[in-house]
Amino acid sequence: MRKNSIVILDFGSQYNQLITRRVRELGVYAELLPYHISPEELKKHEPLGIILSGGPASVYMDNAPKIHADILAMGIPILGICYGMQLLVHMNGGEVEQADKQEFGKAKLQVSAHPLFKDVENNSTVWMSHNDHVTKTPAGFQGIASTNNSNAAIADDQKKFYGLQFHPEVTHSQHGHKMIENFIFNICSCNKNWSMANYAEETIQNIRKTVGDQKVILGLSGGVDSSVCAVLIHKAIGDNLTCIFVDTGLLRLNEGKQVMETYGEHFHMNIIYVDAEERFLTHLKGVKDPEQKRKLIGGDFIEVFKEEAEKLKGAEFLAQGTIYPDVIESISINSGGTTIKSHHNVGGLPEKLGFKLLEPLRNLFKDEVRKLGEELGIERKMIYRHPFPGPGLAIRIIGEVTKPYADILRKADAIFIEELYNHDLYDKTSQAFAGLLPIHSVGVMGDIRTYEQPVVLRAVSTSDFMTAHFTPFSNEFLEIVSTRITNEVKGINRVFFDITNKPPATIEYE
Ligand code: XMP
């Protein structure tokens, strides 16, 4: 909670996070809250403006989601987007009906001279996505923009209520950002005071206040979230933070070493390195089923973490790198949102380990966490690493997992990744790795017949990891990688390249 903020009330639109981010990108803190928030609770956030999001419902349906009527009387400017506009109309005595003709896609917007449209060109493109439309504007409102098809924007300048039928937050709406900017600065009079440098400073102070001279533990994986979280807390409380790094034996080549060098030596953090390879691999012996692998690894991880935490007497807090999308997804589900992401929780810790929780990144989106990491001086390469799943190589080795298999895969994977960097392709893919297939095929090296395993190269481009396209590479690049792997990794005599999208495939192999 902070002053000078914009609150977005969530009616379940798939674009909600985007609105929140747009506002933050403009330098103003924004939060996404459930639409059914009470006026008292809302007051605590002291927003300078409210945005009502879009959503899949229709205002005339029974049980249509509505804001508490008293919120309309709080004197705070409100901008309704799509469903949000229809709700403003409905709750102020206007009428909304199902349209004869739905309006999806691009439309041309005719605007009038209005503060909301300052510096917005006439006839620009906006993105429409609606079935319902306003048939009677409420008293006090007037139309301020239109498309061929509909009354596209309305305003009650006295009450400072505004409605946009289109989605200003998506990039297809040419001047959409400008309209959001006009709302938050010209109408709500917000100040630009949200930056990562401010956030870091403020959060470090808060951590000091919350933790005092008590001790904190944190499971450091080397991934972006846990690493940024660790560096932030370390800046606040120094040696009272202890990180636990569990080497499951299922990590990438030199991963443990890299984490110890970066965070132990460079940042001087206390890190307990737990070599648990034998324990994990012993439990995985003979196990082929992917879900059973996940369960065993998840269970072992928690046990190892607990054992180490118990050895460290006196830790009061458990720090976790929970980020904003994890927090708002659970709110969305409660408020009837339609985008529900399935969670992978392997490699995570259960909520009740008996510690107080410290989650300093819970207000941040992933790209903000990265910016914060850069602000804190973490090497770019560590911050922009592709995601790596909790069960690690175990779900990239199809079938049984053994140490020799993990060793082979680690080497092949490292070559692939190294070549991606060499060819300036790493940042152009969202996730790339090698997988090991449990089959043997015949090959020939020199004059000798081989009978060895293949690896498969997987690389995808995606914005949300829910759907993904395989990343196309040139034949020259693929040949370089394939030649190096078969030359340098004993045990591999073929290299495949996966050209499947998600769906139908998943990104990982198991
Ligand atoms: P899939 O394979 O489901 O992967 O298309 C989507 C994203 O989730 C990651 N992933 C996991 N992460 N534990 C994790 O922490 C898991 O069990 C797990 N399975 C998949 C995957 O790497 C990709 O980024």
Worksheet item: Taking the range 365-397 on its own, how many of its residues are away from the ligand (no atom under 13 Å from the Cβ), outside any helix (DSSP H, G or I) and among the hydrophobic types (A, V, I, L, M, F, W, C)?
Response: 4
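Residues of the range 488-505 being part of a strand (DSSP E or B) and either within 16 Å of the ligand (Cβ to nearest atom) or under 19 Å from residue 440 (Cβ atoms) (or both), which ones?
Selection gives 492, 493, 494, 495, 496, 502.
Return the only residue of 455, 460, 481 being open to solvent by less than 30 Å² (accessible area, probe 1.4 Å), within 16 Å of the ligand (Cβ to nearest atom), in contact (Cβ under 8 Å) with a residue 40 or more places away in the chain and of a type in the set (A, V, I, L, M).
On the way: 455 fails: within 16 Å of the ligand (Cβ to nearest atom); 481 fails: within 16 Å of the ligand (Cβ to nearest atom).
Exactly one residue qualifies, and that residue is 460.
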Worksheet item: Which ones in the range 444-487 are part of a strand (DSSP E or B) and over 36 Å from the mean Cα position of the chain (by Cα)?
Response: 444, 445, 448, 449, 450, 451, 452
Practice prompt. Among the numbered conditions (1) touching a Gly at 6+ places or on another chain (Cβ under 6 Å); (2) part of a helix (DSSP H, G or I), tell me where residue 192 comes up short.
Written response: (2)
Fill in: Among the residues listed as 331, 340, 323, the single one being away from the ligand (no atom under 16 Å from the Cβ) and at pLDDT below 95
331
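The values are calculated or read from the model by the stated rules, or taken from the named source; none is laboratory data. Here the structure is a predicted model, which is why all the values come from computation and not from measurement. We place every Cβ from the backbone using ideal geometry, glycine too, and count neighbours over all the protein chains shown. Accessible surface is based on the protein model in full, side chains and every heavy atom, while ligands, DNA and RNA are left aside. Shrake-Rupley method; radii C 1.70, N 1.55, O 1.52, S 1.80 Å.
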